[in-house]
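Please treat every number below as a calculation from the coordinates, not as lab data. These figures come from a predicted structure and were not determined experimentally. FYI the Cβ positions are ideal-geometry reconstructions off the backbone, even for glycines, and counts take in every protein chain you see.
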Amino acid sequence: MNDDDNKNNSEDEEIKFDSAALKQRLGTIGIGVGLIVLAGLGFSVICKISPGYAGVIYNMNGGVEDSVLSQGYHIVAPWKKVIEYPVSTETVYYTKSADGRKDSDSSINVNTKDGKQVNVSVTYSFHMDVEKLPAIFTKFRGRSTEYIESGYVKNEMYQAINEVTSQYSLMDLVGDKRPEINAKVFDKFRNSLIEFGIVIETFNLSDVVPDEQTKEAIQKVVNAQNVYEQAKIEKQTAEVEAEKARIQAKGKADAMIIEAEGQAKANALLQQSLSDNVIRQHAIEKWDGKLPVYQLGDNTESLINLK
């Protein structure tokens, strides 16, 4: 074999070696890519439902599924989408900001029967009926809880409040009819959402703040009420004192009458007891046995000495 043949054989062996190494490298890369894809698919089909929530499954091939996912981990196909909804109590606050900043003030304004606009704070709690979650998903097109609450639910709340407060005056709203107003708003608000699976649990309207002019008018009413109550108390006190004095005077008069009646009865009894025999008896009991030294004679102008 000449040198050219040896050279050709060596080149053929190098080409074969390079081809095998390339295949090995491509195989390794393919395996790596496959593992990455499998890992990605694995993570995509594992779904976690948070405590207090339930998940609605939307199948891209068939729409919303009837079954819902409870809290915990679940395996979900990559072509399915899961939306969480709260099935435990959630509390919502529309209140004034603690630092007075307007950008963080979520309180609302409502109208009263007497044409006043009043700023109020509202707190309510709710949950979603787990059996109606698929219907909720369908009605709101898969929107999140935050979107539903800040839009549809808030509008229903605002409408319920104004429908009730427009039947009451401002003084009713700031006075003792607030519990009655709260109860009516709660019923109206709850009934407007219950059919859709959104369950309102509690409602409270508080921190009623009227405008400055109305504040002054309210303060005048309060002051007048205080004066009236004070006068009422003073009148009641005077009536009590007068009744007490009358009772005391009547007691004294009754006592004097009783005493006089007793004395009269005693005198009557004494008079009845003073007969001639009784008088003689008393005289005999008091006589010391001695005859009188002087005695009137027939002539009453002279005394006879009996000694």
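Give, in nm to one decimal, the length gained when the segment between Glu212 and Glu131 is fully stretched (0.36 nm per residue of separation minus the Cα-Cα distance).
24.3 nm
If each residue of separation counts as 0.36 nm, what is the full-extension length gain between Asp66 and Asp176 once their alpha-carbon separation is subtracted?
The Asp66-Asp176 span can extend by a further 34.8 nm.
Using a Förster radius of 25 Å, what is the FRET efficiency between Arg143 and Val199 based on their Cβ-Cβ separation? Nearest 0.05, please. Mind dumping the intermediate values first?
Details: r = 18 Å, r/R0 = 0.72.
Step by step, r from the Cβ atoms, then E = 0.90.
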